[in-house]
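Notes for the one structure printed next.
The values are calculated or read from the model by the stated rules, or taken from the named source; none is laboratory data. The model shown is predicted, which means the values in this text are computed figures rather than measured ones. Virtual Cβ from ideal backbone geometry, glycine too; neighbours counted across all protein chains shown.
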Amino acid sequence: MDTPQPLYSAESVRELDRQTIAALEIPSIRLMKRAGRAAFKHLQAQWPDIGRIQVFCGGGNNGGDGYVVAALAAQKKIPVTVYACTEPDKLKGDAHEACEYARREGVQVLTSLAELDNADGNTLIVDALLGTGFSGALRVDVAHAVERIEKSPGPVLAVDIPSGLSADMGTADLAVHADMTVTFIGRKLGLYCGRGPALCGEVQFEDLGAPAQAYCDVDAAVHRYTAEGIKRLPVRAADTFKNQFGHILIVGGDSGFGGAALMAAQSSARAGAGLISLATRPEHLSAALTRCPEVMAHPVISGQELEPLLDGPSVIAVGPGLGRSPWSEQLLARAGRAEVPLVVDADALNILSEGRVLAGVKRNDWVLTPHVGEAARLLGCDTDDVLADPREAAAAVQEKFSGVVILKGAGTLIAHDGGVDLINSGNPGMASGGMGDLLTGIVAALIGQHLPLVEAARLAVWLHGEAGNRAAEDGQRGLLATDLLPWIRRLVD
Ligand SMILES: NC(=O)C1=CN([C@@H]2O[C@H](COP(=O)(O)OP(=O)(O)OC[C@H]3O[C@@H](n4cnc5c(N)ncnc54)[C@H](O)[C@@H]3O)[C@@H](O)[C@H]2O)[C@@H](O)CC1
Ligand SMILES: [K+]
């Protein structure tokens, strides 16, 4: 099994840089040259026949890396021009030295965008405007340069990080869309969350010879799990019984929302749960049984009627289509007192955030699955605050409620008492109703099959996204949650 990838904040990468320079006992310009060479290596491998190169250099060390790339291109006799966003005589330290190196190799350095030829499809752009030193809103001169890059029809290689993207948060307003990003020393969190995956293209990581000890000394912000690093369910023995694979009770489906609870039940079934019960409004019963006769569907018109159903199950998932009526609150209150692991989703989270039900409760045996809006309500803040720092928000929800928190998004975060994990899976076609209900059902089914909560959360998030990718082979637009069900079954083993 692969180990997860550590992802770092900009500050932590600076610390890795410092430790690397100290350990290798080299001047920092040598590290910059390694960075430039690494970027140029990928450039040549990816675009061996490119006609010409334009390098956009900023005023810091990211720009310095760009000057090194330009020098190397000139050495290889590839026509190359630099657009210097900061006048070369204002550059300092290594960036200044790198600029001199490029000039010595005969690179033309322009300081006005008007002088720069229009790029055609055979012009590769190297974006070395901003790296980990970027913060705040883009300065207007840099914004113009980013706009110019965005208009160019040819490929774009970003040095370290696409300019305009925050290395810490994955947030961006105006930013470069790259085809490839060559990132150095530490993988930055922002490359993998928020807008990062949409802006980076293919990410290539180069450690530049950083010593292993540096990675032990500097804490990662997040650990990124890929398919190879996620623990799977064991192969089933031949002599097994259905009651060894969990009995999942799904609680939800207020008037008008019956489908959500049913979809959670179906995804539990397809993720391998041994038995599934559904507690829902009486009017949903016949539809549920017609669609999925394997489910034991029970009508509940009050919390009291739920009570006897709480004895049998090994896991309870509460929330899909639960609504926010007095009925919903009664059901959550009863379900929340059960002494088996809980998965809490959707309106159950909204009721929780209002504080009338299960106020102040912390449990180590529950998984909360908020999207950004639900996380904001749980924390009593705005969705923009969550989007500005999703990692912090996921950790804060976990701190407030304990257990495991799955903050759903383009990069889904899993916060637990050992830290925060990130899993990139899925596609924009999954931005449609019912997808979250499936995830809830899968998490419950995996807990029912005896995976520890954190491992169930990781496998469920991966499984859900991968099922979405397979189902989207027929098209992302119009992808329905129920299209994922056959894929969940194929991928779970
Ligand atoms: N420190 C090191 O040892 C290494 C650093 N490397 C490179 O250096 C980069 C970091 O260099 P720096 O710390 O100099 O930072 P950057 O070069 O990323 O950014 C600093 C520059 O950005 C400008 N800037 C900041 N915020 C801005 C805004 N909102 N709008 C417009 N301009 C803005 C600053 O005025 C400054 O010119 C890395 O991303 C990487 O590319 C590599 O050379 C590898 C080694
Ligand atoms: K850049």
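Here is a list: Ala167, Ala198. Which entry is away from ligand 1 (no atom under 12 Å from the Cβ) and either assigned to a helix (DSSP H, G or I) or touching a residue at least 24 places away in the same chain (Cβ under 8 Å) (or both)?
Values: Ala167 fails: away from ligand 1 (no atom under 12 Å from the Cβ).
Answer to the selection: Ala198.
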Does the stretch 369-376 include one or more residues that are closer than 25 Å to Leu484 by Cα, under 14 Å from the mean Cα position of the chain (by Cα) and part of a helix (DSSP H, G or I)?
yes
Would you please name the residue that is nearest to ligand 1 (Cβ to nearest atom), looking only at residues in the stretch 36-63 that are over 30 Å from the mean Cα position of the chain (by Cα) and among the small types (Gly, Ala, Ser)?
Gly59
Tally time: how many residues in the stretch 100-143 are within 16 Å of ligand 2 (Cβ to nearest atom), within 29 Å of Pro48 (Cα to Cα) and hydrophobic (A, V, I, L, M, F, W, C)?
7
As an exercise: evaluate Glu228 against (1) of a type outside the set (S, T, N, Q); (2) surrounded by 14 or more Cβ atoms within 10 Å (Cβ to Cβ); (3) in contact (Cβ under 8 Å) with a residue 40 or more places away in the chain and give the number of the one condition it does not meet.
(2)
For the stretch 131-149, give me the residue count where each residue is without any contact (Cβ under 8 Å) to a residue 40 or more places away in the chain and of a type in the set (S, T, N, Q).
1
Within the stretch 102-130, take every residue that is free of Cβ contacts under 8 Å to residues at least 40 places away in the same chain and among the hydroxyl-bearing types (Ser, Thr, Tyr) and give me the one that is surrounded by the most Cβ atoms within 10 Å (Cβ to Cβ).
Thr111
For the stretch 74-91, which positions are aliphatic (A, V, I, L, M) and either within 14 Å of ligand 1 (Cβ to nearest atom) or within 16 Å of Val182 (Cα to Cα) (or both)?
Ala84, Leu91
One residue is enough: does the stretch 273-295 have a residue meeting the conditions assigned by TED's automatic domain parsing to the domain that holds Gly380, out of contact with any strand residue (DSSP E or B) (no Cβ under 9 Å at 6 or more places or on another chain), part of a loop (DSSP other than H, G, I, E, B) and surrounded by 20 or more Cβ atoms within 10 Å (Cβ to Cβ)?
no
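A quick yes/no check of all residues on (1) over 25 Å from Arg18 (Cα atoms); (2) in a loop (DSSP other than H, G, I, E, B):
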position	(1), (2)
Val203	no, no
Cys216	no, no
Glu228	yes, no
Val235	yes, yes
Met263	yes, no
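Filter the stretch 174-189 down to the residues that are surrounded by fewer than 24 Cβ atoms within 10 Å (Cβ to Cβ) and closer than 13 Å to Glu206 by Cβ and list them by number. Walk me through it before giving the result.
Within the stretch 174-189, the subset surrounded by fewer than 24 Cβ atoms within 10 Å (Cβ to Cβ) is 174, 177, 179-180, 187.
Those that are surrounded by fewer than 24 Cβ atoms within 10 Å (Cβ to Cβ) and closer than 13 Å to Glu206 by Cβ: Met180, Arg187.
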